[in-house]
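Where a number appears in this text, it was derived from the coordinates with a stated rule and is not lab data. Being a predicted model, the structure only gives us computed values, none of them experimental. No Cβ is skipped: glycine too gets one built from the backbone with ideal geometry, and neighbour counts run over all protein chains shown.
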Amino acid sequence: MTRIIAGLAGSLPLAVPDAGTRPTSDRVRESLFAALESADAIADAAVLDLYAGSGALGLEAVSRGAAAADLVEKAPRAAAVAERNVRAVSRAVPDARVRVHRQSAEAFLRAVAGTWSLVFADPPYDLAGDELRGTLELLVPRLSPDALVVVERATRSPEPALPDGLVVERSKRYGDTTLWWLAPATAP
């Protein structure tokens, strides 16, 4: 069972699409969000959850104090599940602004004008590295100067190829999953 781990909506169960997604395990989310809280990256953050699936990552951030979250999911069934989860979390966190965008990450980033301070990119593990790089390239101009981008990939996958404007801060392996922490590159 997937659930919100902590915050105002803590322990709330989340629906998960019946096929086509790979939810981030509770163990990985617990560790990730403990590190994000330690880095003071969640409070009042503008969150972007690309390849959102059920929306668990973006909704966990909202439960823990993020100001707003945009959940981007192109698969119709998964987007419907994310919308249901948004309604459930919104009852526990009524002031949060959460929207589900039913489109691909690339289409969303080409059309949007906002900026985000915390981004989750958890694409399907079979997404080619050059496709992920293209998405990250579209993301770079949409990041606040102190933004943090967390990319989840299979441990067997190589380090993500990054576009100009992003650097790896660190990575952490959790069994079959590796999280890559990225930040905007500072100008020389």
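Here are the numbers for this structure:
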| read-out | value |
| --- | --- |
| The lone exception for ARG173 - which of (1) without any contact (Cβ under 8 Å) to a residue 60 or more places away in the chain; (2) surrounded by 12 or more Cβ atoms within 10 Å (Cβ to Cβ) it fails | (2) |
| Qualifying residue in segment 21-42 (condition: touching a residue at least 24 places away in the same chain (Cβ under 8 Å), loosely packed, with under 13 Cβ neighbours inside 10 Å and either in contact with a Ser or Thr (Cβ under 6 Å, 6 or more places away or on another chain) or not small (Gly, Ala, Ser) (or both)) | yes |
| Within segment 94-116, considering residues that are touching a residue at least 60 places away in the same chain (Cβ under 8 Å) and surrounded by fewer than 21 Cβ atoms within 10 Å (Cβ to Cβ), the one nearest to ILE5 (Cα to Cα) | THR115 |
| Hey, GLY65 on the phi > 0 side of the Ramachandran plot and either hydroxyl-bearing (Ser, Thr, Tyr) or out of contact with any Pro (no Cβ under 8 Å at 6 or more places or on another chain) (or both) or not | yes |
| Meets criteria (out of contact with any Ser or Thr (no Cβ under 7 Å at 6 or more places or on another chain) and buried (at least 23 other Cβ atoms within 10 Å of the Cβ)) for VAL47 | yes |
